[in-house]
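Visitor: Dropping the structure in here first, questions after.
The values are calculated or read from the model by the stated rules, or taken from the named source; none is laboratory data. Fair warning: this is a prediction, and the values are worked out from it, not measured in the lab. All Cβ positions, glycine included, derive from the backbone under ideal geometry; neighbour counts span all protein chains shown. Accessible surface areas use protein heavy atoms only, side chains included; no ligands, DNA or RNA. Shrake-Rupley method; radii C 1.70, N 1.55, O 1.52, S 1.80 Å.
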Amino acid sequence: MTVQAIAVDPQHPERFIAITQEQPQPGPHDLLVEVKAISINPVDTKVHAGLRKNGLAEPRVLGWDASGTVLAIGDRVSGFQVGDEVWYAGDITRAGSNSSHQLIDARIVSHKPVSLDWAAAAALPLTALTAWEGLFEHLEIQDADAGKNLLIIGGAGGVGSLAISLAALRSEVKVIATASRPDSAEWCRQRGADLVVDYRDLVGELKKAGITQVDYIFCLNDTDGHWGAIGTLIAPQGKICTIVENERPLDQNELKRKSASLHWEFMFTRSMYQTPDMEQQGKILQEVAHLVDAGKLQGTASEVLNGLSIETLQQAHAKVQEGHMRGKVTIAL
């Protein structure tokens, strides 16, 4: 049996090509999944940009969000059986989900929410894991007193949408989100933001609301551009977490004076390094699925394209690169 996929062309890395491969066999910890839907994240476009710059020797299948059906199971896998409907964000060191079939480590997989269709489910895993790890493992907002506040920079994007909702559901902090357009601001409020401010003047906008410092900052957009405001706004002994790599050195003096901590969140760390707690990602996804099925957490799929092809994948990448997405763009296979 063969697998159909869309990959980066090694001859012309700026392009995608359709490829056919032999169906892979699952390793001891793997599930073989028939992919039903995928979604596109900024990591897709960033990895593609790196391949365009540095080149590649063979076709590379991207994609790190999927939902699908289990077709085969490795001999060390427990908790899954053939026919199960699953979702996952994948492993950046392995072939991605822009394919009809994919091998995925069962420890970073869970059963998908029964209340979501394939496309809606595919929109959530990577952003939910990133938001959960940033908020609850790095910032630890679940331990915060009710008087504390959290600033989410980039509230209307895929991660921000989930971060607002999860913070509102699982902590007592006041949630402040950034957005620049009326529709984006309303999107943030619908997901639980207590206050929405314009990111173009964070210090000034928060001052208007009577806020001069924040206890927690979750930066999901342009770390370099917001760094000055972050240093000004973070409270003494506050916590900062960012998911966006910096292009210039980040001045740490303000953080040092305030004894503030800086955390980096990279969703792929656990699978990349096979950490002892790797299975925690499967557990997080299962908890998120429970929240979705209980009606406590909204989906974030804002646009669905039909059929995985060179054209739909290019279209989805272009939408992400525009940088103004509300929620997520998905492709139903």
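Visitor: Inside segment 247-282, can you point out the residues that are closer than 27 Å to residue 30 by Cβ, assigned to a helix (DSSP H, G or I) and not basic (Lys, Arg)? Before the answer, list the steps.
Guide: Of segment 247-282, the ones closer than 27 Å to residue 30 by Cβ are 265-282.
When the remaining residues are screened for being assigned to a helix (DSSP H, G or I), the result is 269-273, 280-282.
269, 271, 272, 273, 280, 281, 282 - these are the residues of segment 247-282 that are closer than 27 Å to residue 30 by Cβ, assigned to a helix (DSSP H, G or I) and not basic (Lys, Arg).
Visitor: Is one or more of the residues making up segment 15-22 surrounded by 14 or more Cβ atoms within 10 Å (Cβ to Cβ), among the aromatic types (Phe, Trp, Tyr) and not in a loop (DSSP other than H, G, I, E, B)?
Guide: Yes, the conditions are met somewhere in segment 15-22.
Visitor: Moving on. So which strands (runs of 3 or more DSSP E) stay within segment 66-149 end to end and still have 2 or more residues that are surrounded by 24 or more Cβ atoms within 10 Å (Cβ to Cβ) and not β-branched (Val, Ile, Thr)?
Guide: Details: elements: 66-73, 85-88, 101-105, 109-111.
Of the strands (runs of 3 or more DSSP E) lying wholly inside segment 66-149, those with at least 2 residues that are surrounded by 24 or more Cβ atoms within 10 Å (Cβ to Cβ) and not β-branched (Val, Ile, Thr) span 66-73, 85-88, 101-105.
Visitor: Look through segment 166-189, keep the residues that are of a type in the set (Ser, Thr, Tyr) and open to solvent by less than 10 Å² (accessible area, probe 1.4 Å), and return whichever of them is nearest to residue 295 (Cα to Cα). Quick ask: steps written out before the conclusion?
Guide: Keep residues of segment 166-189 that are of a type in the set (Ser, Thr, Tyr), which gives 171, 178, 180, 184.
Going one step further and asking which of them are open to solvent by less than 10 Å² (accessible area, probe 1.4 Å), we end up with 178, 184.
Values: 178: 25, 184: 22 Å.
Of everything passing the filter in segment 166-189, 184 is nearest to residue 295 (Cα to Cα).
Visitor: Another question, if that's okay. Please list, ordered by first then second residue, the pairs with beta carbon atoms under 9 Å, 6 or more apart or interchain, first in segment 200-225 and of a type in the set (D, E, K, R), second part of a loop (DSSP other than H, G, I, E, B) and crowded, with 21+ Cβ neighbours inside 10 Å.
Guide: 215/173; 222/154
Visitor: Restricting to segment 255-271, name every residue that is open to solvent by less than 10 Å² (accessible area, probe 1.4 Å) and among the aromatic types (Phe, Trp, Tyr).
Guide: Within segment 255-271, just 268 meets the criteria.
Visitor: Search segment 226-239 for residues being touching a Leu at 6+ places or on another chain (Cβ under 6 Å) and free of Cβ contacts under 8 Å to residues at least 40 places away in the same chain, and hand back the single one that is farthest from residue 148 (Cα to Cα). Spell out how you get there, then give the answer.
Guide: We begin by selecting, within segment 226-239, every residue touching a Leu at 6+ places or on another chain (Cβ under 6 Å); these are 227, 229, 239.
Still in the list and also free of Cβ contacts under 8 Å to residues at least 40 places away in the same chain: 227, 229.
On the way: 227: 21, 229: 18 Å.
Going through the qualifying residues, I end up with 227.
Visitor: Restricting the search to segment 299-316, which residues are of a type outside the set (Val, Ile, Thr) and buried (at least 18 other Cβ atoms within 10 Å of the Cβ)? Before the answer, list the steps.
Guide: Filtering segment 299-316 down to residues of a type outside the set (Val, Ile, Thr) leaves 299, 301-303, 305-309, 311, 313-316.
299, 301, 305, 308, 313, 316, listed by residue number.
Visitor: Same structure, new question: Across segment 29-61, which residue is surrounded by the most Cβ atoms within 10 Å (Cβ to Cβ) among those that are over 13 Å from residue 101 (Cα atoms) and touching a Ser or Thr at 6+ places or on another chain (Cβ under 9 Å)? Quick ask: steps written out before the conclusion?
Guide: Kept after step one, since they are over 13 Å from residue 101 (Cα atoms), are these residues of segment 29-61: 29, 39-60.
Imposing the further condition that a residue be touching a Ser or Thr at 6+ places or on another chain (Cβ under 9 Å) reduces the set to 39-41.
Values: 39: 33, 40: 31, 41: 28.
Only one residue fits best here, namely 39.
Visitor: Report, by residue number, each residue of segment 102-142 that is farther than 19 Å from residue 41 by Cβ and aliphatic (A, V, I, L, M).
Guide: 103, 106, 114, 139, 141
Visitor: Another question about this same structure. How many residues does segment 136-165 hold that are touching a strand residue (DSSP E or B) at 6+ places or on another chain (Cβ under 7 Å) and within 19 Å of residue 292 (Cβ to Cβ)?
Guide: 4
Visitor: Residue 326 is checked against (1) of a type in the set (D, E, K, R); (2) open to solvent by 40 Å² or more (accessible area, probe 1.4 Å); (3) modelled with pLDDT of 95 or more; (4) not in a strand (DSSP E or B) and fails just one. What number does that condition carry?
Guide: Among (1) of a type in the set (D, E, K, R); (2) open to solvent by 40 Å² or more (accessible area, probe 1.4 Å); (3) modelled with pLDDT of 95 or more; (4) not in a strand (DSSP E or B), the lone unmet condition for residue 326 is (3).
Visitor: Could you list all residues from segment 33-53 that are of a type in the set (D, E, K, R) and under 14 Å from residue 123 (Cβ atoms)?
Guide: 36, 44
Visitor: Does residue 292 meet the test of being open to solvent by 20 Å² or more (accessible area, probe 1.4 Å), part of a helix (DSSP H, G or I) and in contact (Cβ under 8 Å) with a residue 24 or more places away in the chain? Show your work before the answer.
Guide: Details: open to solvent by 20 Å² or more (accessible area, probe 1.4 Å): no; part of a helix (DSSP H, G or I): yes; in contact (Cβ under 8 Å) with a residue 24 or more places away in the chain: yes.
No, not satisfied.
Visitor: Being within 22 Å of the chain's Cα centre (by Cα) and assigned to a loop (DSSP other than H, G, I, E, B), is that true of even one residue in segment 30-40?
Guide: Checked against the condition, which is being within 22 Å of the chain's Cα centre (by Cα) and assigned to a loop (DSSP other than H, G, I, E, B), segment 30-40 yields at least one hit.
Visitor: When the residues of segment 191-246 are filtered to those that are hydrophobic (A, V, I, L, M, F, W, C) and in a loop (DSSP other than H, G, I, E, B), which remaining residue is surrounded by the fewest Cβ atoms within 10 Å (Cβ to Cβ)? It would help to see each step written out before you state the result.
Guide: Let us first name the residues in segment 191-246 that are hydrophobic (A, V, I, L, M, F, W, C), namely 193, 195-197, 202-203, 206, 209, 211, 214, 217-220, 227, 229-230, 233-235, 240-241, 243-244.
Filter once more, keeping what is in a loop (DSSP other than H, G, I, E, B): 193, 209, 211, 220, 243-244.
Values: 193: 29, 209: 10, 211: 17, 220: 29, 243: 24, 244: 18.
Only one residue tops the list, namely 209.
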